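Everything on this sheet refers to the single structure shown next.
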Amino acid sequence: MAEQTAPPQSIAGPPGGRAITAEAKPDAAVVRDALGVGIAVGLSGFAFGVTSAGSGLSLLQTCALSLLVFTGASQFALVGALAAGGNPYTAAAGAFFLGVRNSFYGLRLSQLLALPRALRPLAAQWVIDETTAVTLPQPTRRAARIGFTVTGLTLYVLWNLTTLVGALGAEALGDTAAWGLDAAGPAVFLALLAPMLKSTTERVTAALAVVLALGLLPVLPAGVPVLLAALAAPAVLFLMGRDKAGPMGRDKAGTPDESAGADGQGQEAEKAATKTGAPSTTTQEDGR
């Protein structure tokens, strides 16, 4: 049976610009990519279940976090702070700040997916790093919706199942900190992010964000360094804009002098033509 392919669609371009007609992508290819991400990341819920149980949270609390919060980085930040003996309110605040980034994802995805109003509150639960990473590169709205839905559904189901398994099996593993399972989530996300850094600008921005996050981590509460690391993007864009505007600015700075020189020569020619009674260049051009 042939793969179903959606016809070419027009997707929204920049504000005030024209819509961009994109080539369709086979539905099966979108589903395959989405399943790959959903399964790979969903299995790391086991690490969260083990880590959460090791930090002292009950089975019900651990499962409730995955069901209701459903954002791995914030969940790991919360249980990590609790395991280190941090104040529960401080740990919750750090997890909240870390999850704020999902609201920025939602702003972009709401335009791209254009879901009915009744579905938006439900879809908001699935607006996370992985669904955004799968949805944004899709060439058409149909492909974006399929990628978002398949990734979100697969990841949500597996994440919660593996959280339950991890929490139940935490006692059998013994010292959970010795396994280093809390690094599984970030490692999977880095594996997803690395292939997307194709240009020099993207690599420089990512490197600067890493430097900012690691440098601020020892002095700021959990979650805040990640938010401040996002400043790497406007900083790099600003510096690139200055580099591009530099030569242009110098060229423009020289133009008035050249124009003034040309105007001066023109005025001298006008005066000479007036004295000799010869028609001026301007008059000749107006006559033509």
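A few comments on the model shown:
- The peptide list 151-160, 107-116, put in order of mean Cβ contacts within 10 Å with the highest first, becomes 151-160, 107-116.
- FRET efficiency, PHE238 to LEU115 (Cβ-Cβ, R0 41 Å, nearest 0.05): 0.75
- Estimated distance in nm for a label pair at LEU220 and PHE104, the labels positioned 7 Å out from Cα along Cα-to-Cβ: 1.1
- The per residue volume of the convex hull around the alpha-carbon atoms of the range 59-100 is 62 Å³.
- Residue-level accessible surface for MET196, protein heavy atoms, 1.4 Å, Å²: 80
- With the highest mean first, a sort of the peptides 51-64, 226-239, 69-82, 136-149 on other beta-carbon atoms found within 10 angstrom per residue produces 69-82, 136-149, 51-64, 226-239.
- Largest first, the residues ILE39, ILE128 sort by 1.4 Å accessible area into ILE39, ILE128.
- When VAL31, VAL219 are compared by accessible area of protein heavy atoms, the largest-first order is VAL219, VAL31, using a 1.4 Å probe.
- Net charge dipole size for the range 29-179 [Lys, Arg +1 and Asp, Glu -1 on Cβ; Debye, nearest 20]: 780
- Accessible surface of THR200, taken over heavy atoms with a 1.4 Å probe and every protein chain present, rounds to 100 Å².
- Rounded to the nearest 10 Å², the accessible area of ASP129 at probe 1.4 Å: 20
The values are calculated or read from the model by the stated rules, or taken from the named source; none is laboratory data. These numbers come from a predicted model, not from an experiment. We place every Cβ from the backbone using ideal geometry, glycine too, and count neighbours over all the protein chains shown. Ligands, DNA and RNA are stripped out before the accessible areas are found, and what is left, the full protein with its side chains, is counted by its heavy atoms. Shrake-Rupley method; radii C 1.70, N 1.55, O 1.52, S 1.80 Å.
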